[in-house]
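A short worksheet on the structure shown next.
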Amino acid sequence: MDVLVIGAGIVGASCAYALMRAGVRATVVDRGGVASGTTGAGEGNILVSDKEPGPELELALRSGELWRELDEECGGFEWEPKGGLVVAETPEVLDALTAFAENQRRHRGPAGVVASVVPATSLRDFEPHLADGLAGGVHYPQDAQVQPMLAAARLLKASGARLVRTAVERFLVAGDRVAGVRTGQGDLHADAVVNAAGTWAGSFPQAPLPIRPRKGFILVTQPFAVPPVRHKVYTAAYVTNVASDAEGLETSGVIESTRAGTVLIGASRQRVGYDTAIDYTVLAQLARQAVALFPVLADRQVMRAYAGLRPYSPDHLPVIGPDHRLRNLFHACGHEGAGIGLAPATAEMITAQITGGSPRVDPAPFAPGRFA
């Protein structure tokens with residue numbers, strides 16, 4: 001069987017790797033090359049801490065297992081099981097965080113989410129440089145991080161897939177099925193096509209989807225000799241913003257160190273189309289929030305800042321599975337900022353659907369036909 005994968009980001013690369021493991025030949029098509037879109041502008045987060053009980057949490061838990069396996073099989077993409085720490089500024093917010101974590105734990109019992117409440121007096125045991133005055137937090141040891149561009153490149157290389165650098169113009173349709181794609185370099189034929197085109201995944205007129213870009217900024221500091229942040233640390237507002245439908249600007253403090261010693265600062269969300277221009281007022285707001293959480297950052301220079309576009313789905317669930325209009329077409333898109341973390345389980349589900357296997361996670365909530 002031959003499968004065409006549109007998109008060489010982390011989702012497309014993961015699909016190519018999973019297909020290879022199932023004995024399927026894959027060709028990956030991307031106009032910009034490996035990790036040239038959303039993946040190249042991400043932080044590499046692999047989170048369960050921000051997932052409400054339900055389908056996406058199930059996908060995240062399975063993906064966490066698969067990331068550990070991939071690190072053993074491929075490695076070299078800076079896998080860091082650092083854990084996450086969600087902090088609360090007030091006792092009322094801490095109560096809400098505690099209730100959220102308890103709902104996550106009850107969702108699947110001991111085999112699911114691991115989370116523990118951290119009182120204010122113990123926060124410095126987790127993060128010595130945290131600011132004073134916080135009410136407490138919740139620790140999630142299952143949260144992790146990878147270097148997203150390295151991960152996409154390693155998985156794509158390990159898959160043995162051929163990479164074609166060209167734009168996909170449209171699907172080749174024969175009757176009620178997709179037989180390939182038309183590109184700037186001619187037609188490519190296949191037994192199945194996987195649409196992992198990120199923010200552009202909804203733009204194919206023969207099978208449109210309500211996927212839209214959502215803009216976000218990241219600041220990168222100059223390196224520290226000893227990274228000052230041990231976990232991924234963020235405020236409760238981040239969970240609220242992830243679930244928000246607002247078009248306007250929303251920001252929350254999100255801070256973590258990298259293996260190179262730099263500190264990544266986020267997070268912002270804003271629906272402004274495909275505009276990736278730098279907005280210095282947003283950068284200043286993110287910097288203020290970061291310093292409020294970690295005063296040690298106050299004297300550190302920002303080395304660079306960049307914007308990325310995340311593929312936003314209106315019900316906040318990724319779109320995974322066979323198209324409801326055209327046979328042989330499968331979608332793997334709409335993950336917004338969770339694409340890095342959810343990529344392996346997404347690829348596992350798509351591969352099972354293409355090859356006739358049984359997905360480990362129930363695919364029904366992610367079906368593209370829910371938007372029909």
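The values are calculated or read from the model by the stated rules, or taken from the named source; none is laboratory data. Bear in mind the structure is a predicted one, so any value in this text is a computation, not a measurement. Positions of Cβ are generated from backbone atoms using ideal geometry, with glycine treated the same way; all protein chains shown enter the neighbour counts. We work out accessible area using only protein heavy atoms, side chains counted, and drop any ligands, DNA or RNA first. Shrake-Rupley method; radii C 1.70, N 1.55, O 1.52, S 1.80 Å.
Assorted remarks:
- Flag if Gly54 is touching a residue at least 12 places away in the same chain (Cβ under 8 Å), surrounded by 24 or more Cβ atoms within 10 Å (Cβ to Cβ) and out of contact with any Lys or Arg (no Cβ under 9 Å at 6 or more places or on another chain): no
- Test result for Pro223, modelled with pLDDT of 95 or more, open to solvent by 40 Å² or more (accessible area, probe 1.4 Å) and not in a helix (DSSP H, G or I): yes
- Scanning region 198-236 for residues that are hydroxyl-bearing (Ser, Thr, Tyr), over 17 Å from Pro314 (Cα atoms) and under 18 Å from the mean Cα position of the chain (by Cα) returns a single hit, Tyr234.
- Of the residues making up region 210-220, those that are part of a loop (DSSP other than H, G, I, E, B) and either under 18 Å from Thr39 (Cβ atoms) or open to solvent by less than 10 Å² (accessible area, probe 1.4 Å) (or both) number 1.
- In this structure, Val87 qualifies as under 30 Å from Gly133 (Cβ atoms), open to solvent by less than 30 Å² (accessible area, probe 1.4 Å) and in a strand (DSSP E or B).
- Residue within region 302-319 that is among the hydroxyl-bearing types (Ser, Thr, Tyr) and without any contact (Cβ under 8 Å) to a residue 24 or more places away in the chain present: no
- Which numbered condition Pro311 misses (of (1) out of contact with any Cys (no Cβ under 7 Å at 6 or more places or on another chain); (2) in a strand (DSSP E or B)): (1)
- Residue check, Ala22 buried (at least 20 other Cβ atoms within 10 Å of the Cβ) and either over 21 Å from Asp275 (Cβ atoms) or at pLDDT below 95 (or both): no
- Answer residue from region 226-252, given it is part of a loop (DSSP other than H, G, I, E, B), open to solvent by less than 50 Å² (accessible area, probe 1.4 Å) and at pLDDT 95 or above and is farthest from Ala131 (Cα to Cα) among those: His231
- Tallying residues that are open to solvent by less than 10 Å² (accessible area, probe 1.4 Å) and assigned to a strand (DSSP E or B) within region 25-45 yields 2.
- Taken over region 282-327, the criterion of being surrounded by fewer than 21 Cβ atoms within 10 Å (Cβ to Cβ) and on the phi > 0 side of the Ramachandran plot is satisfied by His316 alone.
- In this structure, Tyr274 qualifies as open to solvent by 10 Å² or more (accessible area, probe 1.4 Å) and in contact with a helix residue (DSSP H, G or I) (Cβ under 9 Å, 6 or more places away or on another chain).
- Lone qualifier among Val138, Val113 - being assigned to a loop (DSSP other than H, G, I, E, B) and buried (at least 22 other Cβ atoms within 10 Å of the Cβ): Val113
- Answer residue from region 116-134, given it is more than 18 Å from Glu92 (Cβ to Cβ), free of Cβ contacts under 8 Å to residues at least 40 places away in the same chain and in contact with a Gly (Cβ under 9 Å, 6 or more places away or on another chain) and is surrounded by the fewest Cβ atoms within 10 Å (Cβ to Cβ) among those: Thr121
- Filter result (assigned to a helix (DSSP H, G or I) and of a type in the set (Phe, Trp, Tyr)) within region 257-290: Tyr280
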